[in-house]
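Only one structure is covered here, and it is reproduced in the block below.
The values are calculated or read from the model by the stated rules, or taken from the named source; none is laboratory data. As the structure is a computational prediction, the values presented were derived from the model and not from experiment. Methodologically, a virtual Cβ is constructed for each residue, glycine included, from the backbone with ideal geometry; neighbour enumeration extends over all protein chains shown. All accessible areas refer to the heavy atoms of the entire protein, side chains included, with ligands and DNA or RNA removed. Shrake-Rupley method; radii C 1.70, N 1.55, O 1.52, S 1.80 Å.
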Amino acid sequence: MARVVFYGAISLDGYLADQDHSLEWLTTNPGDNSDDYERFYQSLDYTMMGRKTYQGAQAEMGTVNFYADTENFVFSHQPLDLIDGFELISGDPVRFVQNLPVDKTIWVVGGAGLVKELLAAELIDEWWIQIVPILLGSGIPLFLTQERKQQFTLVETRQFGQFAELHLKKKSE
């Protein structure tokens with residue numbers, strides 16, 4: 001099975017996006033980690049995201065393939081018009097990940113539902129979470145209710161402008 005990683009920013013109160021699914025709050029806060037992001041992105045083979053994450057990114061980026069160097073998968077049970085470079089997957093994300101080659105890395109770009117399913121199956125190996133110093137009050141949380149406790153090992157913390165980044169790994173048993 002491929003290595004599964006999450007890389008993304010959340011508000012101080014744990015939201016990926018505001019209640020309107022907007023990321024405007026993220027783009028208006030200074031945080032510069034472009035070199036680290038580029039290094040991270042170059043280590044990837046695949047991306048996976050939910051429908052709403054894809055639609056939000058596509059609305060901001062337009063019709064250009066915004067992840068041109070990777071194979072990209074969008075998970076949705078609804079039909080969806082995708083730009084070139086993206087493939088629609090309507091099946092089980094856990095089974096999908098379990099069938100990827102062992103020498104590959106897949107980035108869970110976003111989608112609280114995807115994160116929840118992969119966490120429940122204990123498939124996310126590594127996390128890079130940038131925390132933005134803003135309280136949104138409501139929105140789309142990164143973590144939905146889980147059925148069991150999971151522990152992680154803190155690898156590193158870093159500061160990028162106003163962002164604090166946590167690098168975590170799945171705790172070995």
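Restricting attention to segment 141-153, does a residue exist that is touching a strand residue (DSSP E or B) at 6+ places or on another chain (Cβ under 7 Å) and touching a residue at least 40 places away in the same chain (Cβ under 8 Å)?
yes
A quick yes/no check of all residues on (1) closer than 27 Å to A120 by Cβ; (2) loosely packed, with under 15 Cβ neighbours inside 10 Å; (3) modelled with pLDDT of 95 or more; (4) over 16 Å from the mean Cα position of the chain (by Cα):
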| site | (1), (2), (3), (4) |
| --- | --- |
| D13 | yes, yes, yes, yes |
| H21 | yes, yes, no, no |
| L26 | yes, no, no, no |
| Y46 | yes, no, yes, no |
| M49 | yes, no, yes, no |
| K52 | yes, no, no, no |
| V64 | no, yes, no, yes |
| Q98 | yes, yes, yes, yes |
| P101 | yes, yes, yes, yes |
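If you check R39 against the conditions, is it among the basic types (K, R), surrounded by 11 or more Cβ atoms within 10 Å (Cβ to Cβ) and either farther than 17 Å from L136 by Cβ or modelled with pLDDT under 85 (or both)?
no
Quick test for you: out of G91, G56, G85, G110, pick the one residue that is open to solvent by less than 60 Å² (accessible area, probe 1.4 Å) and touching a helix residue (DSSP H, G or I) at 6+ places or on another chain (Cβ under 9 Å).
None of the other options fit; the residue is G110.
Given the criterion free of Cβ contacts under 8 Å to residues at least 40 places away in the same chain and on the phi > 0 side of the Ramachandran plot, identify the matching residue among G62, G91.
None of the other options fit; the residue is G62.
Being over 19 Å from the mean Cα position of the chain (by Cα) and open to solvent by 90 Å² or more (accessible area, probe 1.4 Å) is the filter; apply it to segment 152-173 and report the residue that is farthest from V132 (Cα to Cα).
Residue satisfying both the conditions and the ranking: E173.
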